[in-house]
Amino acid sequence: MTAENQSIVMEFILLGLTDNPSIQLWLFQLFSLVYMTTLAGNILLILAVRTDNHLHNPMYIFLSNLSFLDICYTSIIVPKMLLNIVLSTKKISYTGCVLQVYFYLFMGETECILLGFMAYDRYVAICNPLRYNVIMNTVSCTRMIGASWVAGGSIASFDIYFICQLKFCGHVTINHFFCEAPSLHQLSCGDISVNNIVTLVGGSILLLIPLCLILFSYIHIFLVVVKLPSGQYKAFSTCISHLIVVTIFYGTAIFMYMRPRYSDTEVTDKIVSVFYTIFTPMLNPLIYSLRNKDVQKALGHLGRSTVLLR
């Protein structure tokens, strides 16, 4: 197989979740609603943090960055998926596919690291409150956020380099609703052993290490909270809510990127991908922030200010 054969593939066809017209219509309505809810929830959270001085602390700065990531993350995938549902042809150019993979990996990998730092922030706040302002000051918070973006972008660039080396030999049909790295690996007609190693190593760094930090943080939080004389239910319910979202995001991502690939798991892969690409970005503002009284108060002030401006 010569390198020139790579130029044969100018575009791909995304098969989507299903080819049943009635189910497609239902999915279009569902995912449109989820996408609009995701945008609304995350934009409101960002505005609340930016406009309320009481929310200018590391916890909410982390949350506003998470919301921005979720907006970018889901916007890379959902609009194109919705467009493909209503069009008779479901094409995406080779360049568009590569860019979708890159920015999807960039945002997803950055979010993996950021979630680990967010758990550490809660650990310091609850387990070491007297030193919180010293450890988690504005400078350290900014550095953690910057490190998340730099690491996510760097690792995504490394990943995309090996994806661009794949040879497809004219195979253009992707049995997925977006260009995801494992689906491109399966479509390749060349040796993908290096890609599999890169995926496994990258998954170990970006999924397992932050997940261990999150589990370490919350185990210590639980041990501290259980000794408190009051407020235990509220503290536990908040931690459990956070862990539910983390479990969905990391659990499905680990299932997708750190297991052997089989050709008969394509339907399962698509269903699993829906959770961490579409539903988790919607749940994050609801779980992390919109149930928070400080955020609700800030949103109330924001709403009243908007009405007065009119």
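The values are calculated or read from the model by the stated rules, or taken from the named source; none is laboratory data. The structure presented is a predicted model; accordingly, all values stated were derived computationally and were not measured. Cβ placement follows ideal geometry from the backbone for every residue including glycine, while neighbour counts extend to all protein chains displayed.
Quick rundown of the values:
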item	result
Evaluation of Gly16 against (1) of a type outside the set (D, E, K, R); (2) part of a loop (DSSP other than H, G, I, E, B); (3) crowded, with 20+ Cβ neighbours inside 10 Å (one fails), failing number	(3)
Count of residues meeting criterion [small (Gly, Ala, Ser) and more than 20 Å from Ile244 (Cα to Cα)] in the stretch 204-230	2
Output for the stretch 47-60, where each listed residue is buried (at least 19 other Cβ atoms within 10 Å of the Cβ) and more than 14 Å from Asn292 (Cβ to Cβ)	Pro58
Residue in the stretch 55-64 that is among the polar types (S, T, N, Q) and farther than 22 Å from Ala147 by Cα present	no
Helices (runs of 4 or more DSSP H) enclosed by the stretch 128-221 - at least 1 residues per element that are out of contact with any strand residue (DSSP E or B) (no Cβ under 8 Å at 6 or more places or on another chain), modelled with pLDDT of 90 or more and surrounded by 13 or more Cβ atoms within 10 Å (Cβ to Cβ)	132-135, 138-163
Checklist (1) of a type in the set (Gly, Ala, Ser); (2) in a helix (DSSP H, G or I); (3) closer than 30 Å to Trp26 by Cβ applied to Ser64, failing item	(3)
Complete set of residues in the stretch 212-228 that are within 10 Å of Ile126 (Cβ to Cβ), within 25 Å of the chain's Cα centre (by Cα) and among the hydrophobic types (A, V, I, L, M, F, W, C)	Ile221
Checklist (1) of a type in the set (Ser, Thr, Tyr); (2) under 13 Å from the mean Cα position of the chain (by Cα); (3) surrounded by 21 or more Cβ atoms within 10 Å (Cβ to Cβ) applied to Ser75, failing item	(3)
Criterion violated by Leu99 - all others in (1) surrounded by 15 or more Cβ atoms within 10 Å (Cβ to Cβ); (2) in contact (Cβ under 8 Å) with a residue 12 or more places away in the chain; (3) assigned to a helix (DSSP H, G or I) satisfied	(2)
Of residues in the stretch 237-264 being modelled with pLDDT of 70 or more and outside any helix (DSSP H, G or I), the one farthest from Leu114 (Cα to Cα)	Arg259
Per-region count, the stretch 21-44, residues over 17 Å from Thr277 (Cα atoms), surrounded by fewer than 16 Cβ atoms within 10 Å (Cβ to Cβ) and of a type in the set (A, V, I, L, M, F, W, C)	4
Residue in the stretch 103-116 that is surrounded by 23 or more Cβ atoms within 10 Å (Cβ to Cβ), at pLDDT below 90, in a helix (DSSP H, G or I) and in contact with a Cys (Cβ under 6 Å, 6 or more places away or on another chain) present	no
Subset of the stretch 78-90 (residues that are within 24 Å of the chain's Cα centre (by Cα) and surrounded by fewer than 14 Cβ atoms within 10 Å (Cβ to Cβ))	Pro79, Leu83
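Okay, residues lined up against (1) among the aromatic types (Phe, Trp, Tyr); (2) in contact with a helix residue (DSSP H, G or I) (Cβ under 6 Å, 6 or more places away or on another chain):
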position	(1), (2)
Ile85	no, yes
Tyr94	yes, no
Met118	no, yes
Met136	no, yes
Trp149	yes, yes
Ser154	no, no
Cys164	no, no
